[in-house]
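Heads up: the structure comes next, in structure tokens.
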Amino acid sequence: MASDAGCLAVSPIPAGCGTRSLPAATVSSTSPAAVQVLLVKIVTGVMQMEESSLALAQPRHEVGMDSIMGLEIVAGVEKAFGLRLSAMDLAIGPSIERLAETVLRGLADIAGVASGELAA
């Protein structure tokens, strides 16, 4: 059995909570590169830095992310993707690449739930 150590906790935001969830069709066609681009925009916007200065593999804590910035990034991810991330997990400082993988898994889970609900 694979270990979940170091994984971010992701859950869908319940409907009506004031966030924008991506429709299932969009979720299934979302590429890793597109998710990374949006995450870079969120992170660099919060951290007030140039997009070109953030390496995708670089842990965010290495570029000065503090706990307040982490909460702002969590809020940005929730708004953009309709996913709830754990602020504590984010504080560990995964890279944009790792965060994108987590977001894509969360979106796939949501799409699976949405597809299952439609089939029921």
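Of the residues contained in region 94-108, one or more are found to be at pLDDT below 85 and surrounded by 13 or more Cβ atoms within 10 Å (Cβ to Cβ). Cβ-Cβ distances below 6 Å connect the following pairs, each with a first residue in region 98-120 that is more than 15 Å from residue 77 (Cα to Cα), a second residue that is modelled with pLDDT under 55, and a separation of six or more residues or different chains: 111/24; 111/27; 111/28; 114/24.
The values are calculated or read from the model by the stated rules, or taken from the named source; none is laboratory data. The structure displayed is predicted, hence computed values, not measured ones. Glycine also receives a Cβ, built like all others from the backbone with ideal geometry; neighbour counts cover every protein chain displayed.
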